[in-house]
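Down below is the structure, laid out as C-alpha cells.
The values are calculated or read from the model by the stated rules, or taken from the named source; none is laboratory data. Not measured: the values here are computed from a predicted model. Here the Cβ is made from the backbone with ideal geometry for all residues, glycine too, and neighbour counts use every protein chain on show. The accessibility values were calculated without ligands, DNA or RNA, using every heavy atom of the protein model including side chains. Shrake-Rupley method; radii C 1.70, N 1.55, O 1.52, S 1.80 Å.
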Amino acid sequence: MGNKLDILHEYQLADQKCAELNNVCEKLHGTKRNNHLVAVYDEKLKQTESKRDHLRVILQAIDAAED
C-alpha cells in the first residue's frame with residue numbers, strides 16, 4: 001500500500017498547490033499591470049489542476065480495485 005500512500009500524498013500536495021495558485025490568481029486579477037503574471041499563474045494553476053485530477057482518477061481506480 002505504500003504506492004497508494006505516495007499517490008495520496010502527491011494528490012494532497014497538488015490540491016494545496018491549487019489552492020495557493022488560485023489565491024494568487026484571484027489577487028492578481030484585480031490589477032491590470034500584471035496581465036503577463038496573471039497568464040503565467042493561470043497556466044501553472046491549470047497544469048496543477050490537471051495533475052491533481054489525474055491523481056484523483058488513479059486513487060479512485062486503486063480504491064475500486066481494493067473493493
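For the reader, a short list of remarks on this structure follows.
- Boolean, A39 is without any contact (Cβ under 8 Å) to a residue 12 or more places away in the chain, part of a helix (DSSP H, G or I), open to solvent by less than 60 Å² (accessible area, probe 1.4 Å) and on the phi < 0 side of the Ramachandran plot: yes
- Filter pass, K4 being in a helix (DSSP H, G or I) and open to solvent by 70 Å² or more (accessible area, probe 1.4 Å): no
- Only listed residue being in contact with a helix residue (DSSP H, G or I) (Cβ under 8 Å, 6 or more places away or on another chain), free of Cβ contacts under 8 Å to residues at least 40 places away in the same chain and within 25 Å of A64 (Cβ to Cβ), chosen from E10, E49: E49
- Residue in the range 45-67 that is farthest from the chain's Cα centre (by Cα), counting only those that are over 15 Å from L8 (Cβ atoms) and open to solvent by 100 Å² or more (accessible area, probe 1.4 Å): D67
- Remark: K27 matches the filter, which requires a residue to be open to solvent by 60 Å² or more (accessible area, probe 1.4 Å), of a type in the set (K, R) and under 19 Å from the mean Cα position of the chain (by Cα).
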